[in-house]
1. Could you tell me which label, among (1) 1, 6, 12, 16, 16, 15, 13, 10, 6, 4, 2, 1, 0, 0; (2) 1, 6, 11, 12, 11, 11, 11, 11, 9, 7, 5, 3, 2, 0, 0; (3) 1, 7, 14, 19, 20, 18, 12, 7, 2, 1, 0, carries the value of P(r) over Cα pairs in 5 Å bins from 0, in percent calculated for this structure?
2. Report, by chain and number, residues whose modeled amide H sits under 5 Å from the one on residue 95, excluding near sequence neighbours (fewer than 5 apart, same chain).
3. Mind checking the per residue accessible area of the chain for me, 1.4 Å probe, whole number of Å²?
4. Out of the DSSP beta bridges found with both residues in the chain, what percent are antiparallel (nearest 5)?
5. Report in % the part of the accessible area of the stretch 1-150 that belongs to carbon and sulfur, leaving out ligands and nucleic acids; probe 1.4 Å.
6. Treat every Asp and Glu Cβ in the chain as -1 and every Lys and Arg Cβ as +1, leave all other atoms uncharged, and give the resulting dipole magnitude about the Cα centre to the nearest 20 debye.
7. What dipole magnitude, in Debye to the nearest 20, does the stretch 1-83 give about its Cα centre under +1 on Lys/Arg Cβ and -1 on Asp/Glu Cβ?
8. Would you calculate, for the chain, the mean residue ellipticity at 222 nm contributed by helices, counting each DSSP H stretch of 4 or more residues as -39,500 (n - 2.57) and dividing by all residues, to the nearest 500?
Amino acid sequence: MRVLVLGIPLPHPDFDNYSFLSAPSFFDYEVMVVEAQALTTAIAQVVAGEPAHHAFDGRRVVNGPSSPQTISVAELLRLRRLETRLFLERGGLLVLFAYPDVPVPGVEGLGHLHRYYWLPEPGRPWHEMLTPGFGGRGVILSDDSHPFASYVREYGRRLSFHAYLTERETEARVFARSPGGAGVAAELALGGGRLVLLPPIGDLDPTYDRIPLAQVLHGCILAAWETLGQKMGGR
């Protein structure tokens, strides 16, 4: 089983690491791991004109019309939205390091773009589902049987949530909470697949943390995939 990792390079033999803009088509994977803030940063860089970003086919991503040498960032985002829908319809597992939904201004052709434009809505708009938060005291595991419990056990004191789940009328399985009880890690159904929301590590060290983090997440993904009752096919 290959895992597509976007925005947070994680060294592991089963992980294919790309940016949100440079990745191959999402629907060719069974599992995706996405760092939501890195996605927004990449789009802002395209709007600003640097540094250069390239799509998987080698074309430069630009904030304007497509050409034989370039692809419009608006067109690419529309494609990512379609790819995500197809990925989830196939029963995909999406692991998302969660941040609040925010406007992303300046993209030509997408006047009302927001961070989670590429995701289907789980019954309510994302800005209503995720409330901005400011975690600074770690998080507490509340469901030890969840497949991603080991992520919280390993990094709980270092996790700094940026958003928490609005649980009213939400059929989500919360498995970690802030010290004050807010749901900051959860699993829910989305578009035929499953979505796991995780708080990021607040003091992630690119040199020392990425290999052990990749190992922990790989174990969580295998456990989660088994609970979905689907085959882990080789590629």
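The values are calculated or read from the model by the stated rules, or taken from the named source; none is laboratory data. Because the structure is a prediction, the values reported are computed rather than measured. Positions of Cβ are generated from backbone atoms using ideal geometry, with glycine treated the same way; all protein chains shown enter the neighbour counts. Calculation scope for accessible area: heavy atoms of the full protein, side chains included, ligands and nucleic acids excluded. Shrake-Rupley method; radii C 1.70, N 1.55, O 1.52, S 1.80 Å.
1. From the options (1) 1, 6, 12, 16, 16, 15, 13, 10, 6, 4, 2, 1, 0, 0; (2) 1, 6, 11, 12, 11, 11, 11, 11, 9, 7, 5, 3, 2, 0, 0; (3) 1, 7, 14, 19, 20, 18, 12, 7, 2, 1, 0, the structure gives (3).
2. Correct list: 32, 33, 34, 196.
3. 46
4. So the antiparallel bridges amount to about 50 percent of the total.
5. 55
6. That gives the chain a dipole magnitude of about 40 debye.
7. Dipole of the stretch 1-83, to the nearest 20 debye: 260 debye.
8. It comes out at -8000 deg cm²/dmol, rounded to the nearest 500.
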